[in-house]
1. Would you work out the charge dipole size for the chain about its Cα centre, treating the Cβ of every Lys and Arg as +1 and the Cβ of every Asp and Glu as -1, and quote it to the nearest 20 debye?
2. Report, in debye and to the nearest 20, how large the dipole of segment 167-235 comes out about its Cα centre when Lys and Arg carry +1 and Asp and Glu carry -1 on their Cβ.
3. Out of Ser163, Ala25, Val57, whose Cα points farthest toward the positive end of the dipole of the chain (charges: +1 Lys, Arg; -1 Asp, Glu; placed on Cβ)?
4. Reported to two decimal places, what Rg/Rh ratio describes segment 15-94 when computed on Cα atoms with Rh from the Kirkwood expression?
5. Which one, Val230, Val182, Val213, is farthest towards the positive end of the dipole of segment 171-238 when Lys and Arg carry +1 and Asp and Glu -1 on their Cβ?
6. Compute the Rg to Rh ratio over the chain from the alpha carbon atoms, using the Kirkwood formula for Rh, and round to two decimal places.
7. Determine which lysines satisfy two conditions relative to Lys202: a Cα distance under 22 Å, and not lying fewer than 8 residues away in the same chain.
8. Using a simple charge model, +1 on the beta-carbon of Lys and Arg, -1 on the beta-carbon of Asp and Glu, nothing else, what dipole does segment 111-218 show about its Cα centre, in debye to the nearest 20?
Amino acid sequence: MHNTVHFILQGKGGIGKTLVSTILAQWLAGKDEERPLRCYDTDQENATFSRYKAMDVKHVPVMTDARNIDPKRFDALMIDLLEEEGNCVIDNGANTFSPLMGYLLENDCFDLLKESGRKVYIHTIVGGGDTLHDTAMGFVSTAKSTTVPLVLWENEHFGPLQSATGKVFTESQTYADNAARVCGRVVLSQRNADTFGADIKKMNIARLTAQEVRESDKFNVMEKQRIKVVFRDLFEQLDKVQW
């Protein structure tokens, strides 16, 4: 995999965008041995992705002193993406979702990236439980506003991805109408909260990668094993995406 650009886009906050960014970045890190992975964080309020030191994430400051988003400041991000080759991951906060999407569409950035030899993907997250409706509408909005291939991440940590009538999201008409745009799906499975959940939370709070966990003396052998199981499952799912 070479010269791919991955935007993590979903307008709802707290749905797992940074988690997806960190998982994707760790999977991509070994896919191009010639050039290092480049990561960016455009979140202006909770720049969590940029706190993962092992990933050397570059924070993109797009907020003015008056605390307004200046869309023109996304120019620096686009110039970075275009001037250097390699794979890139861009984590985007809920506060910059609309400004960034507006900027990308208004300036035909997706076409510009493709014309420059980049393969562009949008990763969008649909959550279960009470988050299903809002995130499903976000999925539809993103699908309809672009022609970029989508990778759907199904986040089960908020509950099952099914409506009040019991219909699973990926079996719904909402999904069917846009399924042709989806090049792959990744399920963030809900596992035992007392074991797997606690271990992943511990890992995320420490802002560590799976590799760092394996080398850390702060995690016991079973915690390391459970994290290994989670990442093996996620990486296998990513391997099956039609990139």
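1. Details: 29 positive and 34 negative charges, 114 e Å.
So the magnitude is around 540 debye.
2. Details: 13 positive and 9 negative charges, 9 e Å.
Charge dipole of segment 167-235: 40 debye, to the nearest 20.
3. Projecting each Cα onto the dipole axis, the largest value belongs to Ser163.
4. Working: Rg = 12.9 Å, Rh = 13.2 Å.
Expressed as Rg/Rh, it is 0.98.
5. My answer, from the dipole projection, is Val213.
6. On the way: Rg = 17.6 Å, Rh = 18.5 Å.
So for the chain, dividing Rg by the Kirkwood Rh gives 0.95.
7. Lys17, Lys53, Lys218, Lys224, Lys228
8. Working: 13 positive and 13 negative charges, 50 e Å.
It works out to roughly 240 debye.
The values are calculated or read from the model by the stated rules, or taken from the named source; none is laboratory data. Please read all numbers here as calculations on a predicted model, not as lab measurements. Positions of Cβ are generated from backbone atoms using ideal geometry, with glycine treated the same way; all protein chains shown enter the neighbour counts. Just so you know, the surface numbers come from the protein's heavy atoms only, side chains and all, with ligands and any DNA or RNA stripped out. Shrake-Rupley method; radii C 1.70, N 1.55, O 1.52, S 1.80 Å.
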